[in-house]
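What follows is one structure encoded as structure tokens, with my remarks underneath.
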Amino acid sequence: MTATADGRLEPQYDPEPAADGSDNEVEAEVLAPSEDTADLAAAVLQRAVDHLLGLQDESGWWKGDLETNVTMDAEDLLLRQFLGIRTEEQTRATGDWIRSQQQPDGTWATFYGGPPELSTTVEAYVALKLVGDDPEAPHMRRASAYIREHGGIAASRVFTRIWLALFGWWSWEKLPELPPEIIFLPRHVPLNIYSFGCWARQTIVPLTVVSAHRPVREAPFDLSELHVDPDAPYPPRSFAAPYTWDGIFERLDRVLHLYHRLPLKPGRKQALQQAARWIIDRQEADGCWGGIQPPAVYSLIALHLLGYELDHPVMKAGLDAFDRFTVHTEEGHRWIEACQSPVWDTCLAAIALSDAGLPADHPALLRAADWMLGEEIAIRGDWGVQRPGLAPGGWAFEFENDTYPDIDDTAEVVLALRRIAHPEPARLNAAVERGIEWTLGMQSKKGAWAAFDADNTSTLPNKLPFCDFGEVIDPPSADVTAHVVEMLAGSGLTADPRVRRGIDWLLREQEEDGSWFGRWGTNYIYGVGSVLPALAAAGIPSGHQSVRRAVRWLEQHQNADGGWGEDMRSYTDRSWAGRGTSTASQTAWALMALLAAGESGGAVDRGVRWLAATQLPEGTWDEPEFTGTGFPWDFSINYNLYRLVFPVTALGRYLAARSAT
């Protein structure tokens, strides 16, 4: 495959049409096994590259829709009900979407094909009742029956019950106490706000304001049908042993409830004022907080309770941000993105197109570079609490998120920029160097890297009674560390002691079966797909025992159809590791790992042929499965661009390896 003057890729021949891409179980061998797999891959890659180029915004960025679950949509309606701004059109379109996502048994899951999830089902049911659905309708009766059978509202997560408490459907007294005075705790004291991961602290601070006010808006209906026993909605509470951490925190919570009842609370007014300043200081230029939904909704509620009217600039900007997070479908549905990923999508797209053979000065790559350079972060954020002497640098995930750059995006942006022949090399190189220095400065003590903070590893926050909504700390992970090592090795720093420590950490973190845990992607396939390219970039030979163990693991977990897939359940059930319906993104991750390990033929060719067999006519792949991770198991993500950028990367590297032999 060669590139023409305008950057298009020319396959050697035009193959027969692919099989129907809607069937993930298609046998790859149906595609003319006598034909050379490289020729087939070239044609598939051409279609994929054309499609990817067509998705670029004229400003230079790419962004795929980011799907999560219907709690985002239910909470959007509840927020608008609380603020008194819910419209009939929003209500109808959101209700249609939530209804469309209901499973035949009446429940809702947190990921495609996943099991029923109680809290999600509670929130979806409440939203549909707000829309006007009759609780006696069959789909509502199935949902309420499931909820009662699984413990009712009382068994749902704390955050679900907080939403219900806003309307009197649950008692504030029956929720864990969140005192705003936590804002006063200095950094060296356990459980100060910087003990939490950045997403958690941005959520907790506004929630302390909400907890202090305990607001109740008039409920438009009751929810007695969601209690196991409507006459006794609050079951007796059991306490842990007093000398365990759980027991200690439970008793601390009882003390805080007593404190809440005191008529005078020294420092409460000052704590609320400081919390308001903290929240406002962290509002991004686009009006959002942290670029993600939970901090944004709770910040709006908190500021409204503190007296900020809806026409206040801070409130208006925050509400406007939600409009930009809203997706309207051709069917008339309306759903909310939990966050947006333009920086991440753009750097991955640029790497993919470079791997596919586009010239380094291709116009699409130059536009992407210009846009990424404009997104560099030059101010200090919360990361500076742990690294006060470190100069700013790096990139975030979203359009506007200067307070929270992340290490993973920074590593991939640097990898992308290094591949582009920008007409202002000094400008590009300076940004790259700042990103490298910032990344090196964010290394944690044991040699690895986390996503947003350094050494955010205390497990105490996980034990607090209200921390049942997913990960609340940000420890180092294999996938982020691997991306950093790959980036630093590509920058000529393999011999740097800090990089060697990162490599050593990765080798120590390998699972007994040869895989690596994938924190931000699903799951062990993502871990292996991240680590093996990093080890190869760092000069670890393909014969190294860690590499061979990982290769064997991938070969053992290849599906019969030639692809790879892994279900989200692997986060809670190790028997699901490497098991699941074949997907384009996970197949590509496996191929990227095998190619980095020097593999060819066999498993590699079967994986390439699976991608060819399942490609859609327009050049992308169908992938309803969720392969991205927010919080392992608790919050799953379908990045709609993963199904395209990673196959382009894998196919490009496959063809490069073939041409090199």
Count neighbours as other Cβ atoms within 10 Å of each site's Cβ, and list the chymotrypsin sites (Phe, Trp or Tyr not before Pro) in the stretch 189-246 that are DSSP loop with at most 15 such neighbours. F221, F239, Y243
Using alpha carbons only, how many degrees (0 to 90, rounded to 10) separate the axis of helix 363-374 from the longest principal axis of the chain? 40
Given 0.36 nm per residue, what is the gain on full extension from A360 to A378 after removing their alpha carbon distance, in nm? 3.8 nm
At R0 = 60 Å, how high is the FRET efficiency between D496 and L185 if r is their beta carbon distance? Nearest 0.05 is fine. 0.95
Simple label model, 7 Å out from Cα along Cβ direction - R237 to L310, nm: 3.5
Compute the FRET efficiency between L55 and K174 as 1/(1 + (r/R0)^6), taking r as their Cβ-Cβ distance and R0 = 41 Å, and round to the nearest 0.05. 0.30
If each residue of separation counts as 0.36 nm, what is the full-extension length gain between R419 and Q386 once their alpha-carbon separation is subtracted? 8.7 nm
Computed for the stretch 217-332: size of charge dipole around the Cα centre, +1 on C-beta of each Lys and Arg, -1 on C-beta of each Asp and Glu, debye to nearest 20, value 1000
Using just the helices of the chain, give the 222 nm mean residue ellipticity in deg cm²/dmol: DSSP H runs with n ≥ 4 each add -39,500 (n - 2.57), and the total is spread over all residues, rounded to 500. -14500 deg cm²/dmol
Residue order, fewest to most beta carbons within 10 Å, for V228, V547: V228, V547
Label model pair D281, D229: point-to-point distance (7 angstrom along the Cα→beta-carbon line) in nm is 4.9
Fewest to most neighbouring Cβ within 10 Å: what's the order for T94, T87? T87, T94
Among Q340, T614, F167 the positive-end extreme of the charge dipole of the chain (Cβ point charges): F167
Please determine, in degrees from 0 to 90 and to the nearest 10, the orientation of helix 71-83 with respect to the longest principal axis defined by the Cα atoms of the chain, where the helix direction is its Cα long axis. 40
What is the list of residues in the stretch 111-136 whose amide nitrogen lies under 17 Å from a point 7 angstrom out from the Cα of T329, following Cα to Cβ? 111-114, 124-125, 128
Using the count of nearby Cβ atoms within 10 Å as a rough guide to exposure, how do Y234, Y112 rank from fewest to most? Y234, Y112
Classified through the alpha carbon gyration tensor (a ≥ b ≥ c as square roots of its eigenvalues; rounded if a/c is under 1.5, else prolate when a/b is larger than b/c, else oblate), the stretch 166-292 comes out oblate
Classify the stretch 292-421 from the C-alpha gyration tensor, please: rounded if a/c falls under 1.5, else prolate or oblate depending on whether a/b exceeds b/c. oblate
Pick out, in residue order, every one of the chymotrypsin sites (Phe, Trp or Tyr not before Pro) in the stretch 304-389 that is DSSP loop and has at most 16 other C-beta atoms within 10 Å; say none if there are none. none
Nearest 10, in degrees from 0 to 90: the angle of helix 425-441 to the longest Cα principal axis of the chain is 50
Assuming R0 = 25 Å, what is the FRET efficiency of S575 and T459, from their Cβ-Cβ distance, to the nearest 0.05? 0.45
For the chain, the dipole about the Cα centre with charges only on Cβ (Lys and Arg +1, Asp and Glu -1), to the nearest 20 debye, works out at 2840
Over 30 Å (Cα to Cα) - which of K129/K316; K63/K445; K174/K446 fall in this group: K63/K445; K174/K446
Other residues with Cβ under 15 Å from the Cβ of R251 give, with Lys and Arg +1 and Asp and Glu -1, a net charge of -1
Charges at C-beta only: +1 for Lys and Arg, -1 for Asp and Glu. How large is the resulting dipole of the stretch 364-403 about its Cα centre, in Debye rounded to 20? 180
Which of the GluC sites (Glu not before Pro) found in the stretch 192-301 are loop residues per DSSP with 10 or fewer other Cβ atoms within 10 Å of their Cβ? E218
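Every read-out reported here was derived from the displayed coordinates using simple, explicitly stated rules and does not represent laboratory data. None of these values were measured; they are calculated from a predicted model. Here the Cβ is made from the backbone with ideal geometry for all residues, glycine too, and neighbour counts use every protein chain on show.
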